[in-house]
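Engineer: Okay, handing you the structure first.
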């Protein structure tokens, strides 16, 4: 079976005609008309701007644990969310009823909330051409056409292949999601998008003599997902990879602890993706820069005036926000403000070159037009979120990176992660590490962590492997906002090498 | 239609099957503010029906928020298909039998009646009480829970919750306060904001601290969050029966300071009371630690069957089932100190921590947790809260931190433990401030402020 990975590639047009059919037994729903009704109601109630998003989503999760079915869930949710500006103040309300009454009720409540909101309020929106268009994920095999029993069987077979005498807990999961989203704004935007996601992963947890170790594939924390059909899950080859994962989990019980101290580290693509997410993605969200996440997710060490001048890292550091990446969980034709997707540099040769913006935050800095606004459902207000954020590849192979290390460690697969409220001090742990001596991989090591300060760490980047090592991975657990919102985002990266990094937290 | 009536309708749609219907309804509003302006006001109304169908020992679950007859019929079909797709599970404990749920508090007419204008007004009260820019929210919600099953369960509860979070902050200074409860009278938005602003003023001119192990005073928000992260794994039965968690091999042993006692108590009116769990089992108070001895963990029906125990009423929502039973209502026994300032006197020299940020479990077996302090970190010198510190990276073994607690404050306070993801389900912890002999600082981060 081929190894299915989204290699490094540029955007291509994937706009197609949506194919949302009314469900059998339900009345035909003119969702766009509902959104238009909501917008008209909001304007009639006093809003100077209004938009409405109607969302219908179905998601399935199959999870097995120790060869028993742990989850077999099939969830549907639908509703409409209405966002308004009244006298410069935002209001947002939602209603689960995709009916005229629900749409109008949400609109009126959003206006009432905005009218009551305390504060000075003078908010502007960056100008954009009202968008019209459609989008549909390119799918080879509809994941909802795959019988649930086959999904259960896949998980159980993968678990069977994870078994090892030292492995205490095996688990496997697959997921699928279909979302239809219609957006209408009072400026005349009207978009219709249909997204399909799939994913899966396996874990082996070994335990003995008071030590517990875990190995995961293809990623930790629930595996990896992509905007694709079931072919993506098949390409993960969970059953084929499982024996290695089980053996590594068991071997970690007998591995030496990772040494501590400053040293050269080579970090695998998956951990690099999380490193990019936490130490570049979040700090470059412009709403954080302006403090609107201060009370929860935190702010940023960046300032608006840093754009174009702040040295974020070494010249090897090139970061791109790309909501057009094929297979990316953050891929769309239009964001949740109706702004067309565009590939933009965020860091170019180590210099801060762009922020992730909304129309409101873009207007505040007088640059850009938004394009990163996303809401996790019909019941949440859009926030500035990552789309797909990539570390651009450099040159050479992973072996080349390792060959350039006299003494150091190779770090693989995230285990723990934490970063401060301004995104400066971070500490990550990985599931497995390997000693590097004389340019070659040596013994297996456990309990590896590394820590640093964001610009110092990125400044120590001295090589990124080439396009042939570049992988795209999707995560579904990025939290932000109050009330909380999950975002599904993807990151592409190649393995990278950093010099003089503090490894370990024990002195 | 209330949550139980809707659950019973969903159950009828599954006619002919062994089934359980669970309804979660939400009517909530949150006035979220930044720089003293409401910027993300969100009103939510939703009713989610989850239907569990059991066919020959095989369980399938589906959920939807379409509650008309067609929607419920489609839901039953999907749940049935899911059940048909699962292999038979000999360890499936079956659906819960009917039992009388305890009578609990947790509903307040005043809180239930709050509307958007009220939520905005209470946010405004907080904002106007802070001398510094204020960040945070005021929120209130009405949550309805209903469970009906073919085994005879017919349970319902209406819960209210209110919370104010206040971060008073400017460049180089920030302070934090929060209040939560199920009664409107439990919170004073202006008081919380004023307290946050007072704390913020003390944080100007923060300096760095050399990494090392320090005695520390942890205010209730800091201690509660640390305990919650440790407790997700350590105090649930799944990790115990799988022989992989901190608790494995330690139940019945003295592992913490004898001044430390801990329960999970969803029945306590000082918390956010619940009558039953997501399987319909009556909530029980579970003593987890008595005088430093680890006495038990919390159980759901599945883990209880595996271990020959009874469920204690701690089944989580199905979306969190991979965690096993969860202690959603931790309650730490109080000590003898009057205040956190008195705890500072007890330890003499050390650090003082208001709040934590972005915790992550480094090693669940050893209970090692890392994270950052924020919005009020200080040096303690000569028994007094002294110079402000920048945010500190800590990486601590929670069991080691709990092994020597020179003191705890007398009165636990309720801390909100709900970030309002997914369906609203109010949870909180009752925690005092604590003094610990060992808090391991492993680095320094950014300074206070925005």
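Engineer: From the list B:386, B:337, B:403, which one is modelled with pLDDT of 95 or more, in contact with a helix residue (DSSP H, G or I) (Cβ under 8 Å, 6 or more places away or on another chain) and over 30 Å from residue B:275 (Cα atoms)?
Structural biologist: Unique residue meeting the criteria: B:337.
Engineer: Which is farther than 30 Å from residue A:299 by Cβ, assigned to a helix (DSSP H, G or I) and within 14 Å of chain A (Cβ to nearest Cβ), of B:88, B:120, B:83, B:125?
Structural biologist: None of the others qualify; the one that does is B:83.
Engineer: Which ones in region B:68-112 are more than 23 Å from residue B:14 (Cα to Cα), in contact with a helix residue (DSSP H, G or I) (Cβ under 7 Å, 6 or more places away or on another chain) and modelled with pLDDT of 95 or more?
Structural biologist: Within region B:68-112, B:108, B:110, B:111 meet the criteria.
Engineer: If a residue counts only when it is more than 14 Å from chain B (Cβ to nearest Cβ) and on the phi < 0 side of the Ramachandran plot, which helices (runs of 4 or more DSSP H) contained entirely in region A:226-313 have at least 2 such residues?
Structural biologist: A:230-236, A:238-252, A:269-276
Engineer: Of the residues that make up region A:164-176, is at least one within 7 Å of chain B (Cβ to nearest Cβ) and more than 30 Å from residue B:114 (Cα to Cα)?
Structural biologist: Yes - at least one qualifying residue is present in region A:164-176.
Engineer: Which of (1) at pLDDT 95 or above; (2) facing chain B (nearest Cβ under 10 Å) does residue A:73 not meet, given it meets every other one?
Structural biologist: (1)
Engineer: Looking for something in the same structural domain as residue B:32 (by TED's automatic domain parsing) and closer than 30 Å to residue A:68 by Cβ - is there at least one such residue anywhere in region B:101-112?
Structural biologist: Looking through region B:101-112, at least one residue is in the same structural domain as residue B:32 (by TED's automatic domain parsing) and closer than 30 Å to residue A:68 by Cβ.
Engineer: Which condition number in (1) without any contact (Cβ under 8 Å) to a residue 40 or more places away in the chain; (2) touching a strand residue (DSSP E or B) at 6+ places or on another chain (Cβ under 9 Å); (3) surrounded by fewer than 21 Cβ atoms within 10 Å (Cβ to Cβ) is the one that residue A:95 fails?
Structural biologist: Unmet condition: (3).
Engineer: Same structure, new question: Check region B:241-250 and report whether any residue there is surrounded by fewer than 24 Cβ atoms within 10 Å (Cβ to Cβ), touching a helix residue (DSSP H, G or I) at 6+ places or on another chain (Cβ under 9 Å) and in a helix (DSSP H, G or I).
Structural biologist: Yes, the conditions are met somewhere in region B:241-250.
Engineer: Find the strands (runs of 3 or more DSSP E) located wholly in region B:348-436 whose residues include 3 or more that are closer than 30 Å to residue B:29 by Cα, and list them.
Structural biologist: Qualifying strands (runs of 3 or more DSSP E): B:350-363, B:368-381, B:413-416, B:428-431.
Engineer: Determine, yes or no, whether residue B:429 is over 17 Å from the mean Cα position of the chain (by Cα) and under 19 Å from residue B:327 (Cα atoms).
Structural biologist: no
Residues are listed down the side, and each one gets a yes or a no for (1) under 22 Å from the mean Cα position of the chain (by Cα); (2) surrounded by fewer than 23 Cβ atoms within 10 Å (Cβ to Cβ):
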position: B:344; (1), (2): no, no
position: B:363; (1), (2): yes, yes
position: B:374; (1), (2): yes, no
position: B:380; (1), (2): no, no
position: B:387; (1), (2): no, yes
position: B:399; (1), (2): yes, yes
position: B:403; (1), (2): no, yes
position: B:408; (1), (2): yes, no
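Engineer: Okay, next question. Taking the stated definitions as given, is residue B:86 surrounded by 15 or more Cβ atoms within 10 Å (Cβ to Cβ) and more than 30 Å from residue B:314 (Cα to Cα)?
Structural biologist: no
Engineer: Considering every residue within region B:7-14, establish whether at least one is in contact (Cβ under 8 Å) with a residue 12 or more places away in the chain, within 10 Å of another protein chain (Cβ to nearest Cβ) and either outside any loop (DSSP other than H, G, I, E, B) or over 30 Å from residue A:358 (Cβ atoms) (or both).
Structural biologist: no
Engineer: Taking residue B:224 as the residue in question, decide whether it is assigned to a helix (DSSP H, G or I) and more than 19 Å from residue A:294 (Cα to Cα).
Structural biologist: Here the answer is yes, as residue B:224 does meet what is asked.
Engineer: Test residue B:51 against the criterion of being facing chain A (nearest Cβ under 9 Å) and either in contact with a helix residue (DSSP H, G or I) (Cβ under 7 Å, 6 or more places away or on another chain) or in contact (Cβ under 8 Å) with a residue 60 or more places away in the chain (or both), and give yes or no.
Structural biologist: no
Engineer: Could you count how many residues in region A:102-159 are within 12 Å of another protein chain (Cβ to nearest Cβ) and not in a helix (DSSP H, G or I)?
Structural biologist: Summing the residues that are within 12 Å of another protein chain (Cβ to nearest Cβ) and not in a helix (DSSP H, G or I) in region A:102-159 gives 9.
Engineer: Is it the case that region A:358-374 has a residue that's closer than 19 Å to residue A:464 by Cβ and modelled with pLDDT of 95 or more?
Structural biologist: No; the residues of region A:358-374 include none that is closer than 19 Å to residue A:464 by Cβ and modelled with pLDDT of 95 or more.
Engineer: Cβ-Cβ under 7 Å, sequence separation 6+ or interchain: first residue in region A:141-153 and free of Cβ contacts under 8 Å to residues at least 12 places away in the same chain, partner crowded, with 16+ Cβ neighbours inside 10 Å. Which pairs?
Structural biologist: So the pair list comes out as A:147/B:85; A:149/B:85.
Engineer: Could you pull out the residue among A:492, A:479, A:466, A:452 that is surrounded by fewer than 20 Cβ atoms within 10 Å (Cβ to Cβ), in contact with a helix residue (DSSP H, G or I) (Cβ under 9 Å, 6 or more places away or on another chain) and either away from chain B (no Cβ under 11 Å) or modelled with pLDDT of 95 or more (or both)?
Structural biologist: A:466
Engineer: Another one. Considering only residues that are buried (at least 24 other Cβ atoms within 10 Å of the Cβ) and out of contact with any helix residue (DSSP H, G or I) (no Cβ under 6 Å at 6 or more places or on another chain), look in region A:79-89 and name the one that is nearest to the other protein chains (Cβ to nearest Cβ).
Structural biologist: For region A:79-89, the residue satisfying everything is A:79.
Engineer: Go through region B:418-450 residue by residue and tally those that are within 14 Å of chain A (Cβ to nearest Cβ), over 18 Å from residue B:373 (Cβ atoms) and either touching a residue at least 60 places away in the same chain (Cβ under 8 Å) or surrounded by 22 or more Cβ atoms within 10 Å (Cβ to Cβ) (or both).
Structural biologist: The number of residues fulfilling the criteria is 8.
Engineer: Hey, can you tell me all the residues within region A:447-465 that are outside any loop (DSSP other than H, G, I, E, B), touching a residue at least 40 places away in the same chain (Cβ under 8 Å) and more than 28 Å from residue A:207 (Cα to Cα)?
Structural biologist: A:452, A:454, A:455, A:457, A:458, A:459, A:461, A:462, A:463, A:464
Engineer: Suppose we filter B:279, B:258 for residues that are over 30 Å from residue B:24 (Cα atoms) and either in contact with a strand residue (DSSP E or B) (Cβ under 8 Å, 6 or more places away or on another chain) or at pLDDT 95 or above (or both); which single one remains?
Structural biologist: B:258
The values are calculated or read from the model by the stated rules, or taken from the named source; none is laboratory data. This is a predicted model, so every value here is computed, not measured. Neighbour counts are summed over all protein chains in view; Cβ atoms, including those assigned to glycine, are modelled from backbone coordinates with ideal geometry.
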